[in-house]
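Before any comments, here is the structure.
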Amino acid sequence: MIADREKTEPGTIVERSWDPITRIVGNLGIYTKIDFGKREVVDCHSTSSLFRGYSIFMKGKDPRDAGFITSRICGICGDNHTTCSVYAQNMAYGIRMTPLAEHIFNLGEAAEYIFDHTIFQDNLVFVDFCEQIVKDTNPSLLAKAERTEAPHGSIHGYRTIADIMRAFNPFTGELYLQALKVSRTTREMFCLMEGRHVHPSTLYPGGTGTVATPQVFTDYLSRLLSVVDFVKKAVVMNDDVFDFFYQALPGYEEVGRRRILLGCWGAFQDAEACDYRYEHMSEWGRKMKVTPGVVIDGKLVTTDLVQINLGMRILLGSSYYQDWNSEEMFVERDPLGNAVDRRHPWNVTTLPKPQKRNFDDKYSWVMSPRWVNPDTGETVALDTGGGAFARLFATSLAGLVDTPYVKSTGSSVRITLPRSHVLPEQTFEWRPPQWSNALERDRARVYFVAYAAGMALHFVEEALKLVRTGYTKTFNDFAVPEEAIGCGFHEAVRGVLSHHLVIRDKKIANYQPWPPTCWNGNPRDSDGRLGPYEDAVKGMPLFEENGPDDFRGVDIMRAVRSFDPCLPCGVHMYLGNGKTLQRVHSPTLGVER
Amino acid sequence: MHYSPTPRFEEIHVLWISEGMSCDGDSVSLTNSGQPSIEDVVAGLIPGLPKVHLHNKVLDPSFGGDEFLKPFFQAANDQLGAPFILVIEGSIPNENINGDGYWTSFGNDPATGEPLTLNWWIDRLAPRAWAVLAAGTCATFGGIHAMAGNVTGCMGLNDYLGKSFFSAGGLPVVNVPGCPVQPENIMETIAWALAQAAGNAPIIPLDELGRPTWLFGKTVHEGCDRAAYYEQGDFAHDYNSPKCLVKTGCWGPVVNCNVTKRGWQSGIGGCPNVGGICIACTMPGFPDKVMPFMDQPSGASLSSMLIQPYGKLIRALRGITNHSLNEEPKWRHNRAQLTTGADPRWGNTRKQAQQ
């Protein structure tokens, strides 16, 4: 091992990797090269080391099984897959769902957003911001936190920022323990609608088997009201912590920063508008209570699900698969007559080719989804900002959502939560920030918890209205057609989710689920574009006070976790021993942005 | 190293590897149990358990990599300094058919930098563990990723280790199936194993498939509040109905699982009791033997037909009795006469009473 002083000379590049990364779901490895002299990450590779082959073993199966099977893709947001699959199947079968069934789906998914964002933020992400970690990585920051009063202390009850950080300490901190309990209450809400967490039992194509009595909605509402104070406190507590980081560590906005390239596929169907017909998808997509949209450089490019669909491309490049360019084209034209690309999900054939990991060639089991901007023809590596960030961005700019508790203004999202046990009615406003970076992805998450709570209140009121007037039908029967295609668009907790389905002879001919971590956690594509984690980490500055020998990588961890990695859907970190790769005396560390 | 099945350990590590063919849903279930909760076990609040060091990727406070893998490497090299329970989540791929690559890995070989497969870890850790626990149906029996047509050739832990496997504590693999595992089932099993490790509980009772008997000894149907509809020959014909779901795909009558009794968490949710067909997700035959899920199980056509004559008759008779029970006895009235059958000395009409 070379001396510490030598390693911190500018131009000395040291390899650091974390594999597997903890406090995420799935297998993720992050491999970086760091210039400790410049305190900057000069390169990053993200790799996922798990292949299970859903698209392969689903071939030839009954399409009605797809919702049950695809739930098993993900152990924290499996229900998002079931829901998305039901959407795709409804389209293929030519059916719609009753308004009550739509409310039950929406209530289940709202509970999932509240649960999942809470446990991920408070029990997994915030460990990176807790007193124990900050003491180890940035002692002077902790000292400053001890001296800094929390602006919203009168609401959340913690006097200083350091008090909040102590509440984040794993397994002992007050907030950490409280969040686990809230995550269980909200999962109970989930189970009231979808039967079981995380693989639902009561969701079917055509509707639900949930017994739609007033009781089930009363039980849901009572639990929801019991967490409203927690949500209100969480929003302002998060603001206090993230604002402190900007103020205490000037330049922290560069951590995990990349160009604003965000995709959101929409969530919460409008019970009246959605007929699941592809021909009407542009219209009912815009009625969704989280607006689908693509945001490029801060501008909303589209809210049209048809355009979103047609722009999808699955690229290879660095992943362990063979190309499918000589395989069958399943869908040449969509139901509106638009041409469908060979690299579109409907036409992907999954051909795995396990091989040795080589960071100069193939190094991941995740393929690289991209989106083509129809206005410019540019192919972009969209990310989801961990889900909440892209949802709030698209919804705020679109100005289409107008519900009693949640409203889009065209430049912001306003969320009003009613009076609760301790706190009065409160309105929170989320405005698009100027950066797509780690802190803003994390901040958006807690605002979306409030958003989902507001929407849940609305949906439960609507559902109660229906059941109290005798409308209890939750399921519409259907027959599986000989041949059909379908697509479903939804927001998994951590971002965009689509399922593309092709039915032949009443069996699955092709089934392609494209979850958020494929979009976020992918490797370099065939044109050399970096995947979003790689892009966000490459070129980022480091603020950790430790030198190379006791370096822990907290800033890199914050950057990667801000995307809410969930790799069963689609990357491992390994802190290897420092190794001098090369000595570069003139900076050649250009960042491809 | 060999241990007693009922030792008196004061501390123990739980090495939990979720890098099988899994979705990490069993780790997420681990966080979902409040009865008991993982934080109470780790904090030492449950009487009779040893001090527990939990190493689980989803919850581990470390950043990952070497820091997280250290106890796993120590255990593989007999350097952990304390006994451990190995928990495996996810099915075990066949790495004999992986080309030049790997299906799933867990960390890297410090010497070569190459990925270490799950199988490499199991080979080293399972024989050294005081107990081995398979969490969820993927690890116990193969589950969804091992369905027909899969390319990874994956299997359950017992298929991989062989039927003759015993851990260093002399125990077979403890199998807690469920897709995902029911949160309280896994925590309760872990709590029993920990109490046993501390010498405060007898050997955990397991059936021939290694399942805790008190959890998997009954069928879904035996605990189902819709079973009464079955008995009365009264079946749901689509998912709008609160009646018995066997005709719409429920396998509850032949599936070993307690979800209908326990609910999904704190008594809330479940499967057929709340309108979800039982797809037999706890069973070795899952999923292939129960697909397509939404069709009536083959055996149910016979049993549901045989029950009809009895069920219809009993339902009709119960209808009569129910009607009767819905009427109050005729002596509950406000007329000027007592008709309850009592004969008070002051008389039972107003006139007599006034005299």
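Here are the numbers:
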| item | result |
| --- | --- |
| Acute angle (nearest 10 degrees) that the helix B:298-325 long axis makes with the longest principal axis of chain B, alpha-carbon atoms | 30 |
| Where labels lie 7 Å past Cα in the beta-carbon direction, separation of residue B:6 and residue B:201 in nm | 1.3 |
| Neighbour-count order for A:485, A:21, B:190, fewest beta carbons within 10 angstrom listed first | A:485, B:190, A:21 |
| Listed peptides A:246-255, B:16-25, A:11-20 by packing density, highest first (mean Cβ within 10 Å) | B:16-25, A:11-20, A:246-255 |
| Cα Rg, Dmax, region B:67-116, angstrom units | 13.0, 38 |
| Rounded to 10°, Cα long-axis angle of helix B:183-197 versus longest principal axis of chain B | 60 |
| Rotationally averaged projected area of region A:167-317 (alpha carbon convex hull; nm²) | 13.9 |
| Of B:329, B:264, B:108, farthest towards positive along the dipole that unit charges on Lys, Arg, Asp, Glu beta carbons give the protein assembly as shown | B:329 |
| Residue B:64 long-range amide H proximity, modeled H, under 5 Å | A:22 |
| Charge tally in the Cβ shell below 15 Å around residue B:274, where Lys, Arg are +1 and Asp, Glu are -1, residue B:274 excluded | +1 |
| Alpha carbon Rg of region A:434-557, scaled by the compact-globule rule 2.2 N^0.38 Å | 1.63 |
| Net charge dipole size for the protein assembly as shown [Lys, Arg +1 and Asp, Glu -1 on Cβ; Debye, nearest 20] | 2480 |
| Proximal charge balance of residue A:193 [Cβ under 12 Å; K/R count +1, D/E count -1] | -4 |
| Rg to Rh, two decimals, where region B:11-214 supplies the alpha carbon set and Rh follows Kirkwood | 0.94 |
| Nearest 10 degrees, 0 to 90: helix B:65-76 Cα axis against chain B principal axis | 90 |
| Within 10 Å of each Cβ in B:24-36, the average number of Cβ atoms from other chains | 6 |
| Exposure proxy order (Cβ contacts within 10 Å, fewest to most) of A:357, B:124, A:72 | B:124, A:357, A:72 |
| For q = 0.11, 0.13, 0.22 Å⁻¹, Debye-computed log10 I/I(0) when each Cα of region B:218-325 counts as one equal scatterer | -0.35, -0.48, -1.17 |
| Charged-residue dipole, Cβ positions (Lys, Arg, Asp, Glu), chain B about Cα centre, Debye nearest 20 | 2480 |
| Debye log10 I(q)/I(0) for region B:101-185, one point scatterer per Cα, at q = 0.25 Å⁻¹ | -1.24 |
| Relative frequency of Cα-Cα separations exceeding 29 Å in chain B, percent | 50 |
| Relative contact order computed over chain B (Cα-Cα under 8 Å; 6+ residues apart), in percent | 16 |
| Likely footprinting exposure, B:262, A:524, A:561, fewest C-beta neighbours within 10 Å first | B:262, A:524, A:561 |
| Cβ crowding within 10 Å averaged over residues, with B:7-13, A:205-211, B:175-181, B:127-133 ranked highest first | B:175-181, A:205-211, B:127-133, B:7-13 |
| Average partner coverage of A:71-81, which counts Cβ from other chains inside 10 Å | 5 |
| Proximal charge balance of residue A:322 [Cβ under 15 Å; K/R count +1, D/E count -1] | -1 |
| Average other protein chain Cβ within 10 Å of Cβ, residues A:44-56 | 6 |
| Kirkwood-based shape ratio for chain A, expressed as Rg/Rh from alpha carbons | 0.97 |
| Segments B:142-151, B:232-241, B:83-92 sorted - mean Cβ within 10 Å per residue, highest first | B:83-92, B:142-151, B:232-241 |
| Radius, Kirkwood style, for region B:30-113 when every pair of distinct Cα atoms is counted (Å) | 15.6 |
| Residue (of A:315, A:326, A:489) at the positive-pole extreme of the protein assembly as shown, dipole from beta-carbon charges | A:489 |
| Spread of Cα-to-Cα distances over 10 Å intervals beginning at zero, given as percent, for region B:306-355 | 22, 27, 17, 16, 12, 6, 1 |
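Here, each number is a calculation from the coordinates, and none is a lab measurement. Remember, predicted model here, so these are calculated numbers, not experimental data. We place every Cβ from the backbone using ideal geometry, glycine too, and count neighbours over all the protein chains shown.
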